[in-house]
Amino acid sequence: MSEIRNYTINFGPQHPAAHGVLRLILELDGEVVERADPHIGLLHRGTEKLAETRTWLQCVPYMDRLDYMGMMCNEHVYCLAVEKLLGIEVPERAQYIRVLFDEVTRVLSHLMLIGSHAFDIGAMTMILYTFREREALFDAYEAVSGARMHPAYYRPGGVYRDLPDTMPKYKPNRFKNEARTKDLNAAREGSLLDYLEDFFERFPKCCDDYETLLTENRIWKQRTVGIGVVPADRALALGFTGPMLRGSGIAWDLRRKQPYAVYDRLDFDIPVGKNGDCYDRYLCRMEEMRQSTRIIRQCIEWLRKNPGPVITGDHKVAPPKREKIKTDMEDLIHHFKLFSEGFHVPEGEVYVATEHPKGEFAVYAISDGANKPYRIRLRSAGFVHLSAMDEMARGHMIADVVALMGTLDVVFGDVDR
Amino acid sequence: MSAKLERLSQILRIVLGGRLRSLTKDRGEIMIEVGAEDYLAAARTLRDHAELRFEQLMDICGVDYSAYGNVACEPGRRFASVLHMLSIEHNWRLRLKVFCPDDNFPAVDSVCDLWPSANWQEREAFDLYGIMYSGHTDLRRILTDYGFVGHPLRKDFPVSGYTEMRYDAETERVIYQPVTIEPRENTPRVVREAGYGDTGHV
């Protein structure tokens, strides 16, 4: 028998299954992983440092670019932190809009995860289907904020503007004829709420379709059942949150346990796994999308009935109406001060955590009373989950590393910050 | 919520006793400060004590207080390591702050043995602030480039950094050179006294 050697291989930084830029150094004994050492930081943009040089309002768009699969959820945490420091109230309608879009974002993030996770371990069709649905939801993002991925829609004190009454429509061109555009525009005749209602009417059916492709699929089960098992006590010690913790059987969801915005008024269930393996976490995420659908329906119903302001009337924080700026001297001054110097945040420090699609995403903000943050610390779930990679991968085959990468749900925007 | 916070602060006062340097309640959050010499023992108590049970360490981050409020800080109050803990059993959170006694060589004990999740977070605080965690077995840089010099989140580190990287056509490789961009500040940082500009206008 020939001499057996241990190999050290590089996984990434450019690897299709690395979900971004991850350099993973694997020490192998044959095909079995003995040690995994992730090298991160290839996408480090110094968001925390940059935030210290920008005014409180200018930091909002940076949040989109952290976890670029959960854009509005990131903004939400930051806005909640600033609001908590300022001690201001957010109008109820704005809170419902935020919850609505948080859940849309959760669906977007889970669709991306399930599609790419399945894609990584061999089920190529999934990503095509999930991207079809993601596309429709990006249109909702676009309608409300003008941007498909980095909306900067939430502001400290509320949201930038109310939900639009009309949806942008397709126009016939040389690629799409009249009949085709009419088809595409069918759901876009009404307001944004009609559009979302229509989408979430058919979305449970889409989830069923995904499940017929994966849930009982033999290959999918062979690749995920019993892979990356994390018992509940280890999950707690490793700092797991979100679906990673729930997959291990701990019913912990910040939306329920430490409710923020209007989650305490909404009716939804928290799916919990049993075995703590990749398959259970997949099932949890699948069910979370259905629960998000429930939440969104309740939000749509509430939003239809209750018009009102969507941003605080405190002009020390939020700008006054455009027309008033032109007639009222004081509003003009407010507007000028807000967009030159920015608002000042009282001295203090807060730690605000929310249930992001990936787990607990938190902002620890320190203010010394200036118009800029003194320190913004971004606690991302992906960073902590990835740090458990070594423990999870040990003893698994090299092909399972890809399955683990998928189930960890890492996005390098928020791992590297 | 406030009754719960009250209970937590009472338990903390009893359990930590003389090790507690300060306890502040602000905006519905509790922050305690302990000395660097008591830090590890206090952290162990917080995790294991039946009435506290902080079984999850959410976050460790460094803070550099050298420019807080645009005034210099006292010696021994520059670098802090801030821990955020969560108890799933009791459903409460706690912030634990520990200052590094020596500003020139900031060091505190590592809590890796208590919570494995501290590993990367301490590496990050070391990388960005240069806080040494004694007892940490693998204190490498994590976010910055291989061979990076300095600790970028310190307040005396410029936003533009010291070196930049570019492709050099002559040598046909990527080279490092001193930065050529000029730092630019669009909005100056202003700290106003409390209540500035208040006229009762909402």
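Using a simple charge model, +1 on the beta-carbon of Lys and Arg, -1 on the beta-carbon of Asp and Glu, nothing else, what dipole does the protein assembly as shown show about its Cα centre, in debye to the nearest 20?
That gives the protein assembly as shown a dipole magnitude of about 1060 debye.
Where the Cα atoms of region A:161-244 are projected onto their three principal axes, how long is each span, largest first, in whole Å?
Principal-axis extents of region A:161-244 (Cα, largest first): 56, 37, 23 Å.
Leaving out ligands, DNA and RNA, what percent of the accessible area of the protein assembly as shown is carbon and sulfur, probe 1.4 Å?
Roughly 53 percent, rounded to a whole number.
Which whole DSSP H helices in chain A pass both tests: a Cα extent of 20 Å or more along the axis and a mean Kyte-Doolittle value no lower than 0.5?
Flagged H segments are A:71-86.
Need one value: the accessible area of A:Leu238 in square angstrom, 1.4 angstrom probe, rounded to the nearest 10.
10 Å²
Per residue Cα convex hull volume for region A:288-327, in cubic angstrom?
For region A:288-327, the hull spanned by Cα atoms encloses 104 Å³ per residue.
Roughly how many Å² is the accessible area per residue of region B:25-104, as a whole number, for a 1.4 Å probe?
On a per-residue basis, 35 Å².
Note down the accessible area of B:Phe105, probe 1.4 Å, to the nearest 10 Å².
Estimated to the nearest 10 Å², B:Phe105 gives 120 Å².
Enumerate the amide H contacts of A:Arg35 below 5 Å, restricted to partners 5 or more residues apart or on another chain; note that Pro and chain-start residues carry no placed amide H.
A:Glu27
Averaged over its residues, how many other protein chain Cβ atoms are within 10 Å of peptide A:112-120's Cβ atoms?
Shielding by partners across A:112-120 averages 0.
Taking the Cα-to-Cβ direction at A:Asn217 and at A:Gln14 and moving 7 Å from each Cα, how far apart do the two end points lie in nm?
Distance between the two pseudo-spin positions: 2.8 nm.
At 1.4 Å probe radius, can you tell me the per residue accessible area of region A:2-85 in Å²?
39 Å²
How long is region B:3-143 along each principal axis, judged by its Cα atoms, biggest number first, in Å?
40, 35, 25
Over the Cα atoms of the protein assembly as shown, Rg to Rh with Kirkwood Rh, two decimal places?
0.96
Farthest toward the dipole's positive end in region B:73-202, which of B:Met132, B:Pro183, B:Ser87, given Cβ charges of +1 (Lys, Arg) and -1 (Asp, Glu) about the Cα centre?
B:Ser87
Using only protein heavy atoms and a 1.4 Å probe, how much accessible area in total is buried between A and B, to the nearest 100 Å²?
5100 Å²
Taking the alpha-carbon distance from A:Lys257 and a cut-off under 29 Å, which lysines remain once sequence neighbours fewer than 8 residues away in the same chain are dropped?
A:Lys84, A:Lys274, A:Lys305, A:Lys358, B:Lys4, B:Lys25, B:Lys97
How about A:Lys221: which aspartates and glutamates have a C-alpha closer than 16 Å to its C-alpha, ignoring those fewer than 8 places off in the same chain?
Candidates past the 8-residue exclusion: A:Asp120, A:Glu211, A:Asp277, A:Asp280, A:Asp400.
Per residue and in cubic angstrom, what volume does the convex hull of the Cα atoms of region B:63-202 have?
So the per-residue Cα hull volume is 215 Å³.
To the nearest whole number, what is the average tally of beta carbon atoms from other chains within 10 Å of the beta carbons of peptide A:345-353?
5
Which parts of region A:380-417, residue by residue, lose 30 Å² or more of accessible area when the rest of the protein chains are there, as against the chain isolated (1.4 Å probe)?
For region A:380-417, once contacts with the other chains are taken into account, A:Phe383, A:Ser387 lose 30 Å² or more.
Highest mean first, what order results for A:209-218, B:162-171 on Cβ atoms within 10 Å?
Packing proxy ranking, top to bottom: A:209-218, B:162-171.
Per residue, how much accessible area does region A:145-191 have with a 1.4 Å probe, in Å²?
Accessible area per residue, region A:145-191: 64 Å².
The values are calculated or read from the model by the stated rules, or taken from the named source; none is laboratory data. Not measured: the values here are computed from a predicted model. Don't worry about glycine lacking a Cβ; one is built from the backbone with ideal geometry, like all the others, and counts go over all protein chains shown. With ligands, DNA and RNA removed, areas are computed over all heavy atoms of the protein, side chains included. Shrake-Rupley method; radii C 1.70, N 1.55, O 1.52, S 1.80 Å.
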